Each structure stands twice: as C-alpha cells, then as structure tokens.
Amino acid sequence: MSGAAAKAAAAMPIAAISLRSTVWIAVTLALIAAPHAERLPLWLSGLAATFCAWRLYIARMRLELPARWLMVSIVFAGALAIYLQSRTLFGRDAGVALLVLMISLKLMETRTQRDGMMLAFIGYFLVITNFFYSQSIPTALYLLACVWLITATMMGLQYTQPPADTRSQLRTAAVMLAQCVPLMLVFFVLFPRVQGPLWGMPSDAFAGVTGMSDTMSPGTLNKLVYSEDVAFRATFADRVPPQNRLYWRGPVLMDYDGRTWSAAPRAMRNQVELDRRANPVRYTVTLEPHNRRWLFALDMAGLIPPRANLTVDHQLLSQTPVNSRLRYDMESYLDYSFGADGNPNPVRMLAMPRGFNPQTRELGLKLREQYGTNNEAIMSAVLTLLREQKFVYTLEPPLLGAHAVDDFLFKTRAGFCEHFASAFAFLMRSAGVPSRVVTGYLGGEYNALGDYLIVRQSDAHAWTEVWLPNRGWVRVDPTNSVSPARAEGGLAAALPESAVLPRSLLPSTPLFHQLSLTLDSIANAWNQTVLGYNFETQRALLTRAGFDDTSWRTLAIFMIAATGIITLLIALLTLRNRAGQRDFALEAYRQFCDKATRAGIPRRDTEGPLDFARRLAAAKPSAAPAAGAITNLYVALRYDKNNKNNRLQELRKRVRQFAL
Amino acid sequence: MLAALKSQFTDWLQQPRTPEAGPIVLSQRRVYILPTRHGIIFGVVLVMMLLGSINYGLSLGFVLTFLLVGLALNGMLYTFRNLARLHVSANRTMPVFAGESAQFSLQLTNPGELTRHAIGLSRERRPQGNENYTDVPANAAARIAIAIPAKRRGRLRPGRLTLFTRFPLGLYHAWSHVHPDVFCIVYPRPAPAGLPLPQAEAAAGSGASYGTGQDDFAGLRTYHAGDPPRHVAWKAAARGQGLLTKQFSGQAASEVWLAWALLPPRMDAEEKIACLTRWVLDAHALRMAYGLRLPRLEVPMASGDAQRERCLEALALYEVPS
C-alpha cells in the first residue's frame, strides 16, 4: 500500500495546501454543516467543531497532523456510536451523521491541494443533504451563499501565487455562478421528472414533521396547538366559506380503549355517496408533507383525488404516505346528508372498554331511559348539559385519572377540544347512540395577498359524529356548545383572557402580522412553483408551452440545444477579443491624415507623427499650430500610459475642426 | 463542416514540431482542453447528486445540481480563456557549461484586461508537479522559466514546450504547445583544474613558470605542492580561506596560444576540448591574452570577457557530434 502511494506521489508530486486555503475550506464546511448541528447528536457536533478548530490551529502553528491510526480509530468509534444511537447507518439522520463524521476526519487528513479539492466536492454534496430537512427560501439563500464560498475555495486552491485580494476571487466565483443561472433554469424546467423514487428511501427520510396522528388521547391536540407550522394551504375558486363551516376532515377515530381513541384499518369505497344539497365549494389544497396517508378536505368531500381512496367513514387516504408537498383539486358539499346510507356498524360504534368511567355509563343509561330511542333528544340534552354546567375551555387542562371521562365530566370540567369530543362520544355510546371522533382542523387564516387560506397545526381540532336513524352520520361539535367562539374566531378568541397563550397564538402588531402574511404568500408561491415542480406540473407546463411530446427524447434534444446556445452565448461574452478593442485615438488621427492627404500632403509610411507634423508645418505654416496640437494629443493618448481617455474628446474635436 | 474539422485536425497534427521564430500568439486554435482527474470526479459527484435529487424528489437538489452542471461548463470556458491569446516570446538564454541546467525563459504578454493566473510551463504533455507557474497581469508581461539539463556541449534547444493552466476551478487542463526558435550554447565541461597552461610564446624556453611571470599580481589559485612559499597568500590563509598561491603575470608571459596540437595525441577529441576549455578558463582568470587554435579553426589572440565567450563558444560548437 505504501509502495503504491509512493509511486503515485512520484508520478505527480503534489502541492501542499496553503494556510489560506485551509482556512477557507474549514470555515466553508463548518458553515454548510451548521444547519445540521441541531439535528446531529450533540457529541458529533462538538467533535466536528473541535476538529475544525484543531485543524485551523495546526495550520496556523505549522504543526504536524495527528497520526493516522488515531484518526482511523476515531472514525470507527464514531461510526459505532452513530450505529448504536440510530441502529442503522443507512437512514437519513445516520447517513448525514456519518457524512459529517467523515468530513471532519478528512479535514484532519488534508495535506495537499488535491485533498482540498476532494473536500470541496464533498462540500457540495453536504449542501444537498440540508435539503432533506428544509427547502425553504431562507435555507436556499443560505446554502446558495455556501455554494458561492465553496466555488471561491476551489478557485483559491488553484492559485500558484497568493492573490492580490480576496474580493476578486469572490467576485469571479459569483460571476461564474451567475452565468450558470440560465442553464440551470432551462435544465430545471426541462429535465424529465419521474414519479416516485428510483430506489427505496430510508424509513426516516421524511421523519420529524409535525401533524395529526391517527390516535387521540388527552393532550395530543393541545401539543399541536403550540406549533406554528403550516398544515396545508387552500385556494378557493370562489369565496372562502365562513370560519365556522371550515371543518377540515382528517382521521376518523372509532376505537376507544379507555384513554386513547384510534383508527383501525377499514374498508374503502369507490365513490362518494352523499345527498348533495347545494353547489359544491371548489378549491385546491396544497398539503405539506406529513408522512401519513390522510388528505384533508372540508366536510364533506365530493370527489376522490387521483391516487387516493375514500374510506367507508368518509376519510380520504392517499395510496402512499404524503412525503412531499401534494397538491390536489377538491370539491366539498358543506350542506350534506348521508341519508339512510351511512349505516353504522353497531357493534363497533357502540363498543366501550369494560371497567372504565362507571359514572358516565350510568348517566348514559339514565338518558336512555329518559328519552328512549330518540337519539336526537339525547344528543341535545347532553349538549345543554355541557353548556349549562360551566365547562371551561382551556389549553392547560388538569390531569385526568384512570377514569378520564368521569374525571372530566364530573370533577375537573375543564378541557380542550379533545376532552369534549372524547367525553361526548363516550357518553353517546353509553346512551346507546353510535358515535365516533373526527380529528382535523377548524378554520384557517385568510391571506388576502395571495388569496388563499393558511391552515396551521394550531388550528387542530376534534369533534364528533353521531348516527341518527334517518339522517345518518351528523356532525356534532361539543366544543361549540361550551365555547362558540372557537368556531367563529379561532382558538385565540375561544380562550379566556387570563389564559397564557402559546406564542403561535399571541396577538401581534398589525404591521408584523401583515409582514408574516406577506412572507407566507411568498413561501406559498415558492412551494407551488419551485418545490412543487414535479411530474404532473412539468407535463402541464410543457403542454401549455406548446410541447406536443414531453418524452425523454424530446426534452433531451431541447436541453442539449439549450446547453449549446447558452454556452455559446457565455463563450461570446467571456472570450470576446478584448485586445481587439477599437483604438479611438488612432481612428481620429487617421481622419486627420486623410484631411492632409486630400490637401496634397500625404503622410509617408515610414514617417512618425512628429516628423509628419514638422513637414506639414513647413508646407503649410498656417495649419502648424492645429496640426501640432493634434499630434501632441495623439502621441500623449497612444504612448503615454498615465494619460488615458480624458483627452480623447479634445482630440476628436480638434480633428473635426482641422482644415487645410 | 467536415472540411473545417479536417483542416483543424491537420492543424493539430502539424502543431509546432518545428521551431517557430518570433513572438507566438496562443490563438484559440492552438489551445486544447480536457478535463482533469478532478474534473472527472466532479462529474461523478454531479451524477450522484442528480440521482439523489430524482430519488428524493428534491427540487432544490435539482437546482443545485444543474447550477453545478453550468459551473462545470463555464469552468471550461474560463480555463480556456485563461490561456488563450497570450503572446509568447523567448528571452535570450545565457550559456551554461555541460552538466549544468540551461534556464530557458519565456516572456508571456497579456494583451487583455483580465489577469491570467497560474500559467505553468512544462516539457511534458502532462505536468509532473514541479513546474514553474506565473501570473500575467492585465496588459502586462511576465517571465516564466524552465530549467533543462544541459548534458552535452553544443546548441541545446528546448524542443516543444507546453504552456498549461487549470485555473480557475482545476476541473480542466488547458494547454498549448510552443516551440520557440531559441537555443542555449552549452560550453564543454572543463577538465579538472590543475592542468598546466602551455608555455607562453614570448617566454618560450626561458622560464619554468607556465606563462606566469612575477611582475604583476594577477590573482590567486589553489596551492599546489611545490609552489614557492613566498608566493603563498598567508593573509588569505589566516582568514581561513585555505592555502592559496599568488600568481603574477609578467608582460612577457601574458600571451599564450591554446592549441589543439599541444595536447598529447592519446587524448580523444572530447578530452582535448575539455582541456582546452580548462585552459581558456585559467588563462581568462589570469587575465592573459590568449588565442585558440583548433584544426581548421582559429580564434585570434585577445583577452577579456568577450574573448572568453568567443573561445568557449568556439569550443562548444566545434564539430559537435550529432
């Protein structure tokens, strides 16, 4: 091995990396890796930072690099630690951790200019790993600056004499990158997109996104409320319906184990069966990736988007987890009825775990006795009870014991929407009324700037549906009985004034609010056009642009042609003959000579300007001062390096006025 | 189109195999460019980034990859531009003795507005890593030298040289061959010191001293056994310069003919030339007047630096074996 290395070294003696380049490369890599710092294990972030500083110290003090065996053992120890922490080396997080580990060690082994180049290449690769976690505009701008720095670093590695100033290095790198933008745009638009991954993705590729879950226990939703993350955005074809009708249906939960409501696998339907009463509301949803399968639609969805299914309980499910931003057109009937259709599964819709909440069950039986089979009467009796018994809507509900519903209904009487929904559904089942919990979002904020509705995680909500014999499933929102303001004006309006609001709900100054809406509309445009550019949008765009055929082959031909044209244009721009610039002084002087020739005194080929001026003055004494001035100006402009451009105008003027 | 390609190919084939006189312009046709090993690795990295972007549907991954594709193409233009249109002219080359290295230097003139960075000069098509590099500022000139070992006396021509650059990104290697019409005179390697000078003509038969009188101090030479002690430069010895012998040249002993015929016939031609070279150097050091007599060639009697050069050049070029 050492023999082969020695041979390679002999074949190409290698320039050692300069201190300047070492600093550039270490700082640039640290900047690229910086956004990973919060996601990496703490020890790794610390290790990487230490190595970076150590390498700079070594370069500064001209010390020896640490021994190879030490580095190799650190690599193995680090890889082992990563494996133990994430139980794999091939997931997204583990992969990034491994890459950062390798880079920090490579930095400690960087001796030559060639090593520097390798680090620069890995730097570009490290940039792309950041996009797994965020592709927002600020991230994009930050990483663009990083790309600029690596490019300048690569350039710095090529200098053989220390450059006069850093600015020209940065400027050249910026110009080079800016010239690539047209080609990048053409490629971005035309490069054929494919549907779905080429190979498998690590299971954690899109982990770490907040969102709904398919279970609900006390505390699930009010955690979501603290998140300002956008769940989805919706653009309406016509007017946005009023807030209290914006029930965005998500997971439908039917099974209750005494604490947690959960959804179970269930049958699909092929078509929507609804009594459609009014015209549907048409809109387009752009769903943020949440790595689950459900799609959100206003109650009640009137169509099934492509590559999605509808469950029997009217929940839209995508065929694959939504792990990239998804856009779908939707129509919903806000006034709907299932009629006789939505026949419930009585066993499941009435099932209750044994041994839980005895008081509530007793109350249910009492209601049943009182109202008989009049489900509707039972329902309104309970709603009245909730309203009259001074239940409190709060973000910080008291803890509940094993009999959660009993505690809530009879002791604490304070809760968040999930408590109300859960208790109501349980009480209904106790009274023999089929019921289920529906989770989703309620309301949303209208952004007038982009004319769309933003629905955030903080709009998360839970409500119930009960089955009435002739109306089918009917939506009942028990929270609404306690706090009508929740549906009317959102969460902030519903909470008592004394409540400590999460940051996401804090009222902000109008200016700040306007700013945040503006930023969101920019982010939305970015998501729709840049990040959302995929197989479908590409086809739509190209068809609209007049491409009859959007096959690989056509696009490849267009891309090659565009590459040729753009490269040619840049070549013309960069290679144009700057040496062959027009010599305006010479042109003016030639005009002067032409005038003399016309007057019968041509300048001889071998005659210098000064000699010619003397001969001219002898032949035509009257023209002597003018000719002398022109000659002096011309000589000064052409041959005196310190004297440039400013006197050209004077020369031209004098030549124009010159007459024999 | 085909004809143009063909003519370009023939141009390429006829690239300066023969020396070109005068300033050479590195026209765009003479500059070639190929990716370096780093360029190929960069290409592989780009393919990996593209596959990753496709697999994970990373829009910004596509943006970055395509930006870097553009950068790779643009780098080609920049590397090409860094070398093209330089004007190259060869500087005068100072003579050297065989066994030394001849320093050929080229004057690179940049007629453009952009500084040319990291231009290297090599004898090989592929640089070996020990080349000299220079920057050529805008509208200015710079000098770049290459050392070529001079093994034998005669005229040493640098042959075809390669000017190359990898600036700015190191992804491409642009090069151009130049074959400047210059040569370096390589003087013969002198025989080891100590060979006595032939007897001066004027002092023929009268003195034991070889062309060396005792009138004027002429300089110092290393002490040889048998030198009279009063000629030893004791002061110099006291300064730690070792034993040196003062030499004096009398008017009578100041002219000497360094003749081929004086050397023993058993020596071969190259040995004789080496001896004559040594004599020229010694005679010059003693500030003597000397002439050189070779078969069919004679350098008349004279002294001084010009004479030294004349004689050494005559010896350098005398019947150079091809």
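Laboratory data are not the source of any read-out in this text; all were calculated from the coordinates shown. Treat the numbers as computed from the prediction; the structure is a model and nothing was measured. Note that we place each Cβ from the backbone using ideal geometry, even for glycine, and neighbour counts take in every protein chain shown.
Plugging the Kirkwood radius over Cα pairs into Stokes-Einstein for region B:116-192, at a temperature of 37 °C and a viscosity of 0.692 mPa s, what D comes out in µm²/s? Here the translational diffusion coefficient equals 231 µm²/s.
Please arrange A:Thr384, A:Thr479, A:Thr567 by counting, for each residue, the other beta carbons lying within 10 Å of its beta carbon, fewest first. The partial results should precede the final answer.
On the way: A:Thr384 11, A:Thr479 27, A:Thr567 17.
Going from least to most buried by this count: A:Thr384, A:Thr567, A:Thr479.
For chain A, the relative contact order is 12 percent, taking Cα pairs closer than 8 Å that sit 6 or more residues apart in sequence and dividing their mean separation by the residue count.
Rounded to the nearest 10 degrees, the angle from helix A:535-544 to the longest Cα principal axis of chain A is 60 degrees. Taking one quarter of the surface of the convex hull spanned by the alpha-carbon atoms of region B:12-185 gives a direction-averaged projected area of 11.4 nm². Compared with the dominant Cα axis of chain A, that is its longest principal axis, helix A:584-598 is turned about 40°.
Any of A:Lys223/A:Lys366; B:Lys151/B:Lys272; A:Lys223/A:Lys411; B:Lys151/B:Lys235 with alpha carbons more than 29 Å apart? Name them for me. Intermediate values should be presented prior to the final figure.
Details: A:Lys223/A:Lys366 35 Å; B:Lys151/B:Lys272 18 Å; A:Lys223/A:Lys411 23 Å; B:Lys151/B:Lys235 39 Å.
Beyond 29 Å: A:Lys223/A:Lys366; B:Lys151/B:Lys235.
With n ≥ 4 as the cut-off for DSSP H runs, can you work out [θ] at 222 nm for the protein assembly as shown, using -39500 (n - 2.57) per run divided by the number of residues, rounded to the nearest 500? Please list the in-between numbers first.
On the way: 28 runs with 409 residues, N = 982.
Rounded to the nearest 500, the figure is -13500 deg cm²/dmol.
Here A:Asp520, A:Asp451 are placed in order of increasing Cβ neighbour count within 10 Å, fewest first, which gives A:Asp451, A:Asp520.
Considering the zone a paramagnetic label at A:Arg60 would reach in this model (a point 7 Å from Cα along the Cα-to-Cβ line), which residues of region A:20-41 have amide N under 12 Å from it? In region A:20-41, the label zone of A:Arg60 (backbone N under 12 Å from the point 7 Å along Cα→Cβ) covers A:23.
Using C-alpha positions alone, give me the convex hull volume of region A:16-87 per residue in cubic angstrom. Before the final figure, lay out each step's value.
Details: hull volume 6.6 nm³, N = 72.
Per-residue hull volume (Cα only) is 92 Å³.
Each distinct pair of alpha carbons in region A:9-153 adds a 1/r term; the inverse of their mean, the Kirkwood radius, is 15.8 Å.
For region B:109-174, GluC sites (Glu not before Pro) meeting the loop criterion (DSSP other than H, G, I, E, B) and having at most 14 other Cβ atoms within 10 Å: B:Glu113, B:Glu124. Each of A:Arg553, A:Arg111, A:Arg92, A:Arg486 was scored by other Cβ atoms within 10 Å of its Cβ. Arranged with the fewest first, they read A:Arg553, A:Arg111, A:Arg92, A:Arg486. Solvent-free Debye calculation, one equal scatterer per alpha-carbon of region A:390-463: log10 I(q)/I(0) at 0.13, 0.20, 0.22, 0.23 Å⁻¹ equals -0.49, -0.88, -0.98, -1.03. Summarising the amide proton neighbourhood of A:Asn309: residues at separation of 5 or more, or on other chains, whose placed amide H is nearer than 5 Å comprise A:Leu317, A:Ser318, A:Gln319.
Expressed as a fraction of 2.2 N^0.38 Å, the value expected for a compact globular protein of N residues, the C-alpha radius of gyration of region B:269-322 is 1.05.
Once a ≥ b ≥ c are taken as the square roots of the eigenvalues of the Cα gyration tensor of chain A, is the result rounded (a/c under 1.5), prolate (a/b larger than b/c) or oblate (a/b not larger than b/c)? The shape class here is prolate. Taking Cα atoms only, the orientation of helix A:358-371 departs from the longest principal axis of chain A by about 70 degrees.
Given the Cα atoms of region A:584-657, and with Rh set as the inverse mean 1/r over their pairs in the Kirkwood sense, what is Rg to Rh to two decimals?
Details: Rg = 11.6 Å, Rh = 12.3 Å.
Expressed as Rg/Rh, it is 0.94.
Placing unit charges on each Cβ (+1 for Lys and Arg, -1 for Asp and Glu) gives the protein assembly as shown a dipole about its Cα centre, and among A:Pro621, A:Gln271, B:Leu50 the Cα reaching farthest toward its positive end belongs to A:Pro621.
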